[in-house]
Amino acid sequence: MDKQWDRFFAFVLRDSLIILLTVALWMVTLKLGQAHNLPSAAMHVATALLTVLVAYLLHEWGHLIGAWISGAAFELPARVTESPFLFRFDTGRSSRAQFLQMSLGGFTSSLLTVVFLAVALPRDMLASWIALGLTAVGVVATLITEVPMFVGVWRGGPMPTGAVFISAVAPPGRQDSAGSA
């Protein structure tokens with residue numbers, strides 16, 4: 001368990017540093033104002049790309065928090081550079097309800113992030129337009145890739161498989177607590 005906590009804090013540190021760097025770039029970008037030349041345009045693009053990375057990381061943290069709160073089984077990568085995903089959800093040792101709660105954590109985090117960006121970012125900045133546009137692309141990608149899995153499991157379909165899932169053998173007597181609508 002100590003190694004799991006060490007890895008968890010490594011991810012917290014990595015993502016905190018990325019957020020701080022993004023905030024610092026926003027401060028510089030706001031001082032620069034409009035992108036009137038190549039260096040300032042490059043700063044706007046870099047700021048926007050880091051903002052989109054932060055939105056992605058917040059989505060992943062939402063999933064992880066949802067999994068953790070639900071008591072689901074998951075594993076963190078051995079190193080922060082090993083995977084673009086924050087964790088792998090264990091479909092074999094977790095219930096359908098836990099899968100649904102994990103999924104809702106990511107969706108909720110994305111919704112809150114989009115609302116925050118739409119309210120907080122200045123409307124007249126190139127960085128804002130790029131960040132909002134690319135974040136919208138990420139939301140569409142989530143709708144295409146994650147929502148159908150969520151709905152399928154919610155309706156009683158099989159638990160998903162793929163790169164972000166592991167399927168350890170369920171312990172005897174595991175009860176599946178998800179209901180259907």
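Quick note: the coordinates plus some simple rules give every number you see, no bench work behind them. No experiment lies behind these values; they were computed from the predicted model shown. Cβ atoms come from the backbone with ideal geometry, glycine included; neighbour counts cover every protein chain shown.
Which of rounded, prolate or oblate describes the stretch 5-64 when judged by the alpha-carbon gyration tensor and an a/c cut-off of 1.5?
On the way: a/c = 3.71, a/b = 2.58, b/c = 1.44.
Note, shape of the stretch 5-64 comes out prolate.
Using θ = phi - 60° in the Karplus curve 6.51 cos²θ - 1.76 cosθ + 1.60, the 3J(HN,Hα) couplings for the stretch 52-64 round to 5, 4, 4, 4, 4, 5, 5, 4, 5, 5, x, 4, 5 Hz; x is entered for Gly and Pro. Centroid-to-centroid, using Cα positions, the stretch 5-30 and the stretch 95-164 are 20 Å apart. Coupling constants for the stretch 107-114 follow from the phi torsions by the Karplus curve (6.51 cos²θ - 1.76 cosθ + 1.60, θ = phi - 60°), and in residue order they are 4, 5, 4, 4, 4, 5, 5, 4 Hz; glycine and proline get x. The ranking of T142, T22, T81 by Cβ neighbour count inside 10 Å, starting from the fewest, reads T81, T142, T22.
Under 5 Å between amide hydrogens, built in the peptide plane, is the criterion, and for D90 it picks out A73, F74, E75, I166 among residues at least 5 positions away or on other chains. Suppose we flag trypsin sites (Lys or Arg not before Pro) only when DSSP calls them loop and at most 13 other Cβ atoms lie within 10 Å. Which is the longest uninterrupted stretch of the chain? Longest run free of exposed loop sites: 1-78.
Given the alternatives (i) 10, 38, 34, 14, 3, 0; (ii) 9, 33, 30, 18, 8, 2, 0; (iii) 10, 38, 41, 11, 0, P(r) over Cα pairs in 10 Å bins from 0, in percent as computed for this entry is given by (ii). GNM on the chain, alpha-carbon springs under 10 angstrom: the most fluctuating residue among G152, G66, G138 is G152. Projecting the Cα positions of I144, L86, A72 onto the charge dipole of the stretch 2-166 (unit charges on Cβ atoms of Lys, Arg, Asp and Glu, taken about the Cα centre) puts I144 furthest along the positive direction.
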